[in-house]
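The values are calculated or read from the model by the stated rules, or taken from the named source; none is laboratory data. Since we're looking at a predicted model, the values are computed, not measured. When we count neighbours, we look across all protein chains shown, and the Cβ atoms used for this are built from the backbone with ideal geometry, even at glycine. The area values use the complete protein model at the heavy-atom level, side chains included, leaving out ligands, DNA and RNA. Shrake-Rupley method; radii C 1.70, N 1.55, O 1.52, S 1.80 Å.
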Amino acid sequence: MARTPRIVLLFVLCILSGCISISSASSATDEFLSCLATDIPPHLVQTPASPSYAAALLSTVRNLRFATPGTPQPVAIVAAADPAHAQAAVRCGRRHGVRLRVRSGGHDYEGLSYASLDRRESFAVLDLAALRDVRVDAARAEAWVGSGATVGELYYAVGAASRTLAFPAGVCPTVGIGGHLSGGGFGTLMRRYGLAADNVLDALLVDADGRLQNKTTMGEDLFWAIRGGGGESFGVVLSWKLRLVPVPETVAVFTVRRSRNQSASDLITKWQEISPALPRDVILRVTIQRQHAQFAAMFLGRCSRLLRMMRAHFPDLGVTRPDCEEINWIQSTVYFAFHSSSKPLELLLDRGKPDELVKATSDYVQEPIPRHVWERTWSWLEKPEAGLLILDPYGGMMGSISPSATPFPHRKGNLYNLQYYSSWSENGTAALEKHMSWVRGLYKEMEPYVSKNPRTGYVNYRDLDLGTNELENGVTSYTKARVWGEKYFKGNFERLAAVKAMVDPDDFFRNEQSIPPLPGAKGWNSV
């Protein structure tokens, strides 16, 4: 069993000993807590005075960068077990000036769902982890999933209900489905079926006035905004109705590793044009780490066809029949997450425990990066503090959907998404700065070779280095937010801000990278 990281022990001790200053005596906080007590059972509300407060706060913290003694802490954690609890939290927060951070329990690279950079802000965490039911209707090829479920829990339920249905979401099973859908969500089926958010049929949301809304009552603009506009800007989405997609009973997968000495630079260079142009029933993604590149594929069909495809389109990769496995779709989710198809499906249900600090960011690549750049990149990857690069190809269905169909704009013209990822377990400022500098340094070096005007990124790989919000007259500044907002959303950012002005003009739902209200948005035309 892994040891509890020292950083977590320090965090818990600080809370217990009171070395973190949390003003529970303020009248606003007391009134907020009294308001909650009217509609929420006391065992579902934890305060810094509660014995289980630290455990509750850490329960779904995936990035230990935000479990340090200096991180501002919430005045309360509300573990919603019913939609009425979320409604009460919103109404009480609005009434008494306590903002909510809403978490579904997944990754959250920058900790915005449970931490705040503003030490002056009084906030509470609305934790949706208990709202994790998954109800699959295989006959209708639909499912309802609570925002507190993980991607793995959704996959497990779908796989248990049918061998020929799937859902096109991400590779990592511990990602929270609420945040994943809110930002778009891409994975191994995106080239055939688009994003996870492209397959949302309905949603149940608590708005800024504490009212329950569905697709019909919330209206077209708000339903558009929550499917890719990023979490925690428009309301609290409690559950989602999803379209399940057909898959064959047998799919083919392979993984081949090629070292730098085995022409990895040449293969990566060629992959950039080959992979996005492959038939949409196949995905071929790349992970680059240390001194090798790993090519992993899934095809909605059998190995014989996949191998013929590779020989026709990418013979230099040298894939052979022993490299290829035939499994079913649910096994493929285990294969990509745990690098083996023989591991038990129950691993998809393991929500995991925090044991690492993480820094990540992303780019979109629209022209192939030259070979000499990849050669130069190996020097970054051989450093002791090196992380990894993940290359996810687009094309296929991704290129057939309008960039304005949802807030996620990265459709046509993008070859692939490039993620820079670093994780570490060492404590201390020196280790933090070393690993953060690796991500930032390589990101800076790649600037000439990625998208421009703006240099874009994926909102679910949040990076506060791209910019943070500032307030003007009590609400988030639209002008300042455009700095980071157009990098995630391009031309869709203005429409998102207009929706925000319609549904939350007072900017109750906000964080360091939340959507601001568009000034003068009354009468704004989304057509």
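Would you check if there is a residue in the range 132-145 being in contact with a strand residue (DSSP E or B) (Cβ under 9 Å, 6 or more places away or on another chain), of a type in the set (Val, Ile, Thr), surrounded by 23 or more Cβ atoms within 10 Å (Cβ to Cβ) and more than 30 Å from residue 164 (Cβ to Cβ)?
Of the residues in the range 132-145, the ones in contact with a strand residue (DSSP E or B) (Cβ under 9 Å, 6 or more places away or on another chain) are 132-138, 141-145.
If we keep only those that are of a type in the set (Val, Ile, Thr) too, we end up with 134, 136, 145.
Subset that is surrounded by 23 or more Cβ atoms within 10 Å (Cβ to Cβ): 145.
When the remaining residues are screened for being more than 30 Å from residue 164 (Cβ to Cβ), the result is none.
No, every residue in the range 132-145 fails to be in contact with a strand residue (DSSP E or B) (Cβ under 9 Å, 6 or more places away or on another chain), of a type in the set (Val, Ile, Thr), surrounded by 23 or more Cβ atoms within 10 Å (Cβ to Cβ) and more than 30 Å from residue 164 (Cβ to Cβ).
Please state which one of 260, 308, 290, 321 is touching a Cys at 6+ places or on another chain (Cβ under 9 Å), of a type in the set (D, E, K, R) and open to solvent by 70 Å² or more (accessible area, probe 1.4 Å). Steps first, answer last, please.
On the way: 260 fails: touching a Cys at 6+ places or on another chain (Cβ under 9 Å); 308 fails: touching a Cys at 6+ places or on another chain (Cβ under 9 Å); 290 fails: touching a Cys at 6+ places or on another chain (Cβ under 9 Å).
Of 260, 308, 290, 321, the one residue that is touching a Cys at 6+ places or on another chain (Cβ under 9 Å), of a type in the set (D, E, K, R) and open to solvent by 70 Å² or more (accessible area, probe 1.4 Å) is 321.
The set of residues in the range 249-261 being in contact with a helix residue (DSSP H, G or I) (Cβ under 8 Å, 6 or more places away or on another chain) and either modelled with pLDDT under 95 or not in a helix (DSSP H, G or I) (or both) consists of 251, 252, 253, 254, 255, 256, 258. Scanning the range 468-501 for residues that are farther than 25 Å from residue 410 by Cα and among the aliphatic types (A, V, I, L, M) yields 471, 475.
Being in the same structural domain as residue 189 (by the TED database) and either surrounded by fewer than 23 Cβ atoms within 10 Å (Cβ to Cβ) or of a type outside the set (Val, Ile, Thr) (or both) is a property that does not hold for residue 296.
Would you confirm whether or not the range 192-210 contains a residue that is of a type in the set (A, V, I, L, M) and under 18 Å from residue 62 (Cβ atoms)? The answer is no; no qualifying residue exists. Going through (1) open to solvent by less than 10 Å² (accessible area, probe 1.4 Å); (2) modelled with pLDDT under 95 one by one, residue 231 falls short only on (1). Residue 456 satisfies every condition listed in (1) open to solvent by less than 20 Å² (accessible area, probe 1.4 Å); (2) under 19 Å from residue 111 (Cα atoms); (3) in contact with an Asp or Glu (Cβ under 9 Å, 6 or more places away or on another chain) except (2). Taking every residue in the range 498-517 that is among the acidic types (Asp, Glu) and pairing it with any residue that is part of a helix (DSSP H, G or I), at least 6 positions away or on another chain, the pairs with Cβ-Cβ distances below 7 Å are 512/464. For the range 169-206, a residue qualifies if it is open to solvent by less than 10 Å² (accessible area, probe 1.4 Å), in contact (Cβ under 8 Å) with a residue 60 or more places away in the chain and more than 14 Å from the chain's Cα centre (by Cα), and the qualifying residues are 189, 190, 191, 194, 206. Number of residues in the range 459-507 that are open to solvent by less than 10 Å² (accessible area, probe 1.4 Å) and touching a strand residue (DSSP E or B) at 6+ places or on another chain (Cβ under 8 Å): the value is 3. Of note, residue 429 satisfies the criterion of being of a type in the set (Val, Ile, Thr) and open to solvent by 10 Å² or more (accessible area, probe 1.4 Å).
Kindly provide the set of residues from the range 93-131 that are open to solvent by 30 Å² or more (accessible area, probe 1.4 Å), under 20 Å from residue 470 (Cβ atoms) and within 24 Å of the chain's Cα centre (by Cα), ordered by number. Scanning the range 93-131 gives 99, 117, 118. Answer yes or no: is there a residue in the range 75-85 that is among the hydrophobic types (A, V, I, L, M, F, W, C) and touching a Cys at 6+ places or on another chain (Cβ under 6 Å). The answer is no, given that none of the residues of the range 75-85 is among the hydrophobic types (A, V, I, L, M, F, W, C) and touching a Cys at 6+ places or on another chain (Cβ under 6 Å). Within the range 32-73, restricting attention to residues that are touching a His at 6+ places or on another chain (Cβ under 6 Å) and more than 21 Å from residue 121 (Cβ to Cβ), the residue that is most open to solvent (accessible area, probe 1.4 Å) is 62. The residue that is farthest from residue 359 (Cα to Cα), among those in the range 439-450 that are of a type outside the set (Lys, Arg) and free of Cβ contacts under 8 Å to residues at least 60 places away in the same chain, is 448. Test residue 357 against the criterion of being of a type in the set (A, V, I, L, M), over 30 Å from residue 328 (Cα atoms) and crowded, with 19+ Cβ neighbours inside 10 Å, and give yes or no. Yes. The set of residues in the range 470-493 being over 23 Å from the mean Cα position of the chain (by Cα) and polar (S, T, N, Q) consists of 473, 477, 479.
Within the range 262-291, the set of residues being part of a loop (DSSP other than H, G, I, E, B) and over 24 Å from residue 385 (Cβ atoms) comprises 263, 278, 279, 280, 281.
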